[in-house]
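In what follows, a structure is listed as structure tokens, so that the remarks can point back to it.
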């Protein structure tokens, strides 16, 4: 069974989680062109590598960030979004 | 008889016929370079040679031909989609498929079975009715049928699904068929090779040279090539290639798993699909049940198999066909699906001159092989998007003109 570490509840089986897609900072909708907005809405960094992804722990309603190696299927670390903001 | 067969096998006079020749090395220049030796890439090479006389073509495959999505799908061919654009395109494909065995002089085991998409809920039934109407309007044979009709065609089915989610009706699509998928790649490969195209296996593309927004060459692990036209037909590996030309796309790759059971006597003639159970199944000409489910739930570039998949799929299979409980699963595998947000492909020209894309084939690529080859050949030869694929251009996202295809496999309704 694959285990994912929820930053609040510790290691849990992956069936308890939902993948929320790539982490993407949102541009200010009123300040950018339609082209930039469409790029934000639709385009993704689809190539393999280590990525920051949104994940959701169903049982506790926790959204968090996971650093995921999409080639080896290894989760490197997980943390809450506010912790990521602090580091940057 | 066995002795004569052995003598034939060892004879130099009758060497084993090869499907295509293996060229020693790459030429310096090609008119068209096709990246990806799957069904789509080889079909494009075939139609470029046959219909447009463009034969100075190299198909570059990093593995062996048909080793990607072409050999990993569940081999279903159908055209009962939901959008007019989709139905038109896949119907073109099905018509090409029907004559392909004769055209190649190669048995593709193309077998029309009739395709049932089961509806377990009112909303699913509504979508089926909608699809049936769109299909009929586009001249595709497709009707809504009731439980009695289903039971008549598939007597082994438990219509009540163990009283979990009873089947209420189905969308029935008589031309739905299965085919031997690797033979499709071989047939196109042989046909293209006979007409002069080169197939280079074990050749990895490591870069694409672009000057002033124009393609000028391709770098490979076997040396550089000069060319002004590159067609990317690599499905699940598309983001690798588009990154080389600096193109952003909405493609996200998810694995799609499938499995086969041990062979049984023929009992299932139809192709059975259930969106609510995330399941599709048909019986191959060898007697194995070929089964697939929905996409893996998160982005991954790996073809690993999971127990979760086998467990979930078996559970739903037993709800439809309880008598299979003692049947063993023989093989399980995964392929990479390049998913798009609207479940339609991305095809045609791009903003980089000479770079053509045939991607976004997600879970619906095999059935599109002939039509995609034909339309991409026309696009590459004329440097103009073929009429049928215009709605599928990459630029549709920038213009917010999506083609919402809810008729795709493994898509919940």
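The values are calculated or read from the model by the stated rules, or taken from the named source; none is laboratory data. The model shown is predicted, which means the values in this text are computed figures rather than measured ones. Every residue, glycine as well, gets a Cβ built from its backbone with ideal geometry; the counts of neighbours run over all protein chains shown.
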Looking at residue B:401 and the list (1) touching a helix residue (DSSP H, G or I) at 6+ places or on another chain (Cβ under 9 Å); (2) in contact (Cβ under 8 Å) with a residue 12 or more places away in the chain, which single condition is not satisfied?
(2)
Can you confirm whether segment B:289-298 contains a residue that is within 22 Å of residue B:264 (Cα to Cα) and within 14 Å of another protein chain (Cβ to nearest Cβ)?
no
Are any residues in segment A:59-83 away from chain B (no Cβ under 12 Å) and outside any strand (DSSP E or B), and if so, which ones?
A:59, A:60, A:61, A:80, A:81, A:82, A:83
With the requirement that a residue be within 14 Å of chain A (Cβ to nearest Cβ) and either within 17 Å of the chain's Cα centre (by Cα) or at positive phi (or both), what does segment B:332-341 give you?
B:334, B:336, B:337, B:338, B:339, B:340
Considering segment A:53-66 alone, what residues qualify as being surrounded by fewer than 16 Cβ atoms within 10 Å (Cβ to Cβ) and without any contact (Cβ under 8 Å) to a residue 40 or more places away in the chain?
A:56, A:61
Scan B:144, B:171, B:100, B:82 and give me the residue that is closer than 25 Å to residue B:374 by Cα, in contact with a helix residue (DSSP H, G or I) (Cβ under 6 Å, 6 or more places away or on another chain) and in contact (Cβ under 8 Å) with a residue 24 or more places away in the chain.
B:82
If you scan segment B:43-90, which residues turn out to be at pLDDT 95 or above, in a helix (DSSP H, G or I) and surrounded by fewer than 21 Cβ atoms within 10 Å (Cβ to Cβ)?
B:50, B:51, B:52, B:71
Let me confirm something: among A:47, A:35, which residue is facing chain B (nearest Cβ under 10 Å), closer than 30 Å to residue B:401 by Cα and loosely packed, with under 14 Cβ neighbours inside 10 Å?
A:35
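Starting from residues that are in a loop (DSSP other than H, G, I, E, B) and touching a residue at least 40 places away in the same chain (Cβ under 8 Å), keep the ones in segment B:204-237 and report whichever is farthest from residue B:27 (Cα to Cα).
Step by step, filter segment B:204-237, then rank; the result is B:213.
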Quick check on my filter: what residues within segment A:2-28 are within 14 Å of chain B (Cβ to nearest Cβ), in a loop (DSSP other than H, G, I, E, B) and out of contact with any helix residue (DSSP H, G or I) (no Cβ under 6 Å at 6 or more places or on another chain)?
A:23, A:24
Here are some conditions: (1) outside any helix (DSSP H, G or I); (2) farther than 17 Å from residue B:283 by Cβ. Residue B:330 meets all but one. Which one does it not meet?
(2)
From the set of residues in segment B:174-189 that are in a helix (DSSP H, G or I) and touching a helix residue (DSSP H, G or I) at 6+ places or on another chain (Cβ under 7 Å), which is farthest from residue B:279 (Cα to Cα)?
B:189
For segment B:241-266, name all the residues that are crowded, with 19+ Cβ neighbours inside 10 Å and assigned to a helix (DSSP H, G or I).
B:241, B:242, B:244
Please find, within segment B:304-331, the residue that is nearest to the chain's Cα centre (by Cα) out of those that are within 11 Å of chain A (Cβ to nearest Cβ) and in contact (Cβ under 8 Å) with a residue 24 or more places away in the chain.
B:304
